[in-house]
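The values are calculated or read from the model by the stated rules, or taken from the named source; none is laboratory data. In this text, all values refer to a predicted model and were calculated from it rather than measured experimentally. Neighbour counts are summed over all protein chains in view; Cβ atoms, including those assigned to glycine, are modelled from backbone coordinates with ideal geometry. SASA here: full protein model, heavy atoms, side chains in, ligands and nucleic acids out. Shrake-Rupley method; radii C 1.70, N 1.55, O 1.52, S 1.80 Å.
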Amino acid sequence: EFIDEMMGISHLEESLKKKLGIKKVIIVPGNADEDDTVRKDIGKATCKYITKILKNNYIIGVTGGNTMHEFANCLQGIKKYENILVVPARGGLGKEVEIQSNNIAAVIGKKLGGNYKLLHVPDNITKETLESLILEPEINKTLEYIQNVDVLIFGIGRADDMARRRKMPKSEFDYIMSKGAVGEAFGYYFNRNGEIVHETITIGIKLENFKSIKNTIGIVGGSRKAEAILAISKIKKDLILITDEGAANKIFELI
Ligand code: G3H
């Protein structure tokens, strides 16, 4: 039965990869919407996968979120690398401390035996303050690292969930919904075609950088996130997606 299930999953991985037209798909059994342990399994699968691609001297970009938190937690007893630097992909996205990209970057940096940099940017900052922040030498240096990440590991959210989590004003929320926002990643909100409908004012990775990163790993589970995954798959054809059966099956229903 176990073998059958594994055969079923590898078939599902292959079909989803073709369907989305992306580089690689890894699927764990179950649906994170119904069972929290599935999100932990996505974290574990990510830990296992990154040992295949990490190299000494790499700069790793990470985002925040619950799935990223699970990934950081399970990075136990992993081989240590030389001169690894972990940076948050984007600063100030209004999340609880534990699941903020800063915290996650620090945890991952330590566990990999490397270094980390933090991006301290207040939420809901004005454009003027932002512009002067960028000129701060330390922040500027961190931004330079962010533009040069070798690997990006990031969470993918539903636009509505993320907008609520970040307490977006109602008028803005209604506006992005009217524009068809379905997905969110590192502060950008996308419609189903992967077009930007809104961008959080903060600093860090820009969509242009994102498109040219060599190793990009999106980690996301639950059938509720199927449309969000579709959106990201449209803009990053060399995406490596680590997800669950719940999301995979839902995507097949949608396309
Ligand atoms: O930016 C996207 C979210 O952080 C991912 O959501 O908390 O369900 O992993 P998550």
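List of remarks:
- Against the test of being within 13 Å of the ligand (Cβ to nearest atom), modelled with pLDDT under 95 and either buried (at least 22 other Cβ atoms within 10 Å of the Cβ) or more than 23 Å from Gly246 (Cβ to Cβ) (or both), the options Gly155, Gly183, Gly187, Gly221 yield a single qualifying residue, Gly187.
- Across segment 208-218, the number of residues qualifying as open to solvent by less than 10 Å² (accessible area, probe 1.4 Å) and in a helix (DSSP H, G or I) comes to 1.
- Identity of the residue in segment 172-207, in a helix (DSSP H, G or I) and acidic (Asp, Glu), that ends up nearest to Val62 (Cα to Cα): Glu172
- Per the listing Glu98, Glu82, the residue uniquely loosely packed, with under 14 Cβ neighbours inside 10 Å, touching a residue at least 24 places away in the same chain (Cβ under 8 Å) and not in a loop (DSSP other than H, G, I, E, B) is Glu98.
- Of the residues making up segment 127-160, those that are under 18 Å from Gly194 (Cβ atoms) and assigned to a helix (DSSP H, G or I) are Ala159, Asp160.
- Positions within segment 11-42 being more than 14 Å from Val220 (Cα to Cα), assigned to a helix (DSSP H, G or I) and open to solvent by 60 Å² or more (accessible area, probe 1.4 Å), in sequence order: His11, Glu14, Lys17, Lys18, Lys19
- Which numbered condition Tyr116 misses (of (1) closer than 30 Å to Lys23 by Cα; (2) over 17 Å from the mean Cα position of the chain (by Cα); (3) open to solvent by less than 20 Å² (accessible area, probe 1.4 Å); (4) away from the ligand (no atom under 16 Å from the Cβ)): (3)
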